[in-house]
Amino acid sequence: MEAISVRGAAGGARVIDSNQMRERPLPSSMKTARRIILLVHGFHNSESDAKNSFDKFEGRLGELAKLRSGDQVYGFHWPGDHNNRTASFTTYPVRVPDALRAGERLAELIESLRTDQQVVLLGHSLGCRVIVHAVEQIRGRKTRYRGPVVSHIFLLAAAIPSVFCAPPDGEYNKKLIPNPEEHIFHSRRDTALKPFVFGVGQWLAENVWSTAVGSYGDPTARWDPRHSHRMSLAHDKYWTNSRVASAIAASLGIAALSVLPEEVTGERSEAISRPEIPRERFLKSR
């Protein structure tokens, strides 16, 4: 799988700037691709770890479907880790600003493509924050945007504060126009997104206490319930899960689901309990 990287030189820990982005040649196959599928890894992923996840997902997708002529899949690498693997896991608060900078580079990449191309964005964990921030950058351009249509967005185990997506004043509370088909895959069994992990890290990063989109699929006012997929997965199992790949393949029109598993129907169980945190506790310094 070919890749685009916004990491610094030699896989560095910093996000490159706009000028450096323009100096890096894109894969030549991007010029002829009609639909570009970009995979974005999450936090605590080295380039080799991310490539391994991408390859596993592409393999799982290949078991279920055959990409259309003109479809091309690329990995998008950003510095979601620390060079020291022991220290890497503890650097989440530092990685959030890097995710935002990577989202800016992703928006620039998308805008550089042809208007007759389509883009599909698929991210995992903090890579979902990269994607929604890129989308917000594009949405903010309004009439100045001259890039391709973003047709689909898939967010797997999204490490995004739910409050940031809540209408009316959340940073990511609106979709692009024309509207992409947005899918969120979430699991209450994902311990990496529990309050004692995600909540604490998010508080240290942005002084905000919130549940994660990838935990309960909140807020329901933001995400289309038809495309809200309740899973029963651990945080690191999404890339290899056949039900996730099957739902994505069906949404992209490259495979039909012969049996639609309950976990990807988009149905929400009213029995699921989630912490009801007053809104004033979400935002402390915003």
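Numerical summary
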| read-out | value |
| --- | --- |
| Of all residues in the range 57-89 being in a helix (DSSP H, G or I) and surrounded by 14 or more Cβ atoms within 10 Å (Cβ to Cβ), the one that is modelled with the lowest pLDDT | SER88 |
| Residue within the range 184-195 that is free of Cβ contacts under 8 Å to residues at least 40 places away in the same chain, β-branched (Val, Ile, Thr) and surrounded by fewer than 16 Cβ atoms within 10 Å (Cβ to Cβ) present | no |
| Top-ranked residue of the range 219-256 - restricted to ones that are β-branched (Val, Ile, Thr) and crowded, with 20+ Cβ neighbours inside 10 Å, ranked as farthest from GLU182 (Cα to Cα) | VAL244 |
| Among (1) within 17 Å of the chain's Cα centre (by Cα); (2) not in a loop (DSSP other than H, G, I, E, B) - the single one PRO93 does not satisfy | (1) |
| Residue selected from the range 63-79 under the condition in contact (Cβ under 8 Å) with a residue 40 or more places away in the chain and within 10 Å of ARG34 (Cα to Cα), by the criterion farthest from the chain's Cα centre (by Cα) | ARG68 |
| Residue identified as closer than 16 Å to ILE37 by Cβ, touching a helix residue (DSSP H, G or I) at 6+ places or on another chain (Cβ under 6 Å) and at pLDDT 95 or above among LEU121, LEU109, LEU156, LEU100 | LEU121 |
| Near pairs, Cβ below 7 angstrom, 6+ apart or cross-chain, from the range 148-165 (farther than 15 Å from ALA205 by Cβ) to any residue that is open to solvent by 10 Å² or more (accessible area, probe 1.4 Å) and part of a strand (DSSP E or B) | PRO148/GLN118; VAL149/GLN118; SER151/GLN118; SER151/GLU181; HIS152/GLU181; ILE153/GLU182; LEU156/HIS124; ALA157/HIS124 |
| Criterion (at pLDDT 95 or above, part of a helix (DSSP H, G or I) and not β-branched (Val, Ile, Thr)) met by exactly one of SER53, SER48 | SER53 |
| Complete set of residues in the range 32-56 that are under 19 Å from GLY147 (Cα atoms), open to solvent by 70 Å² or more (accessible area, probe 1.4 Å) and of a type in the set (Lys, Arg) | ARG34 |
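The values are calculated or read from the model by the stated rules, or taken from the named source; none is laboratory data. Treat the numbers as computed from the prediction; the structure is a model and nothing was measured. Heads up, the Cβs are rebuilt from the backbone with ideal geometry, glycines too, and the neighbour counts pull from every protein chain shown. Each accessible area value is taken on the protein alone, full model and side chains, heavy atoms only, with ligands, DNA and RNA left out. Shrake-Rupley method; radii C 1.70, N 1.55, O 1.52, S 1.80 Å.
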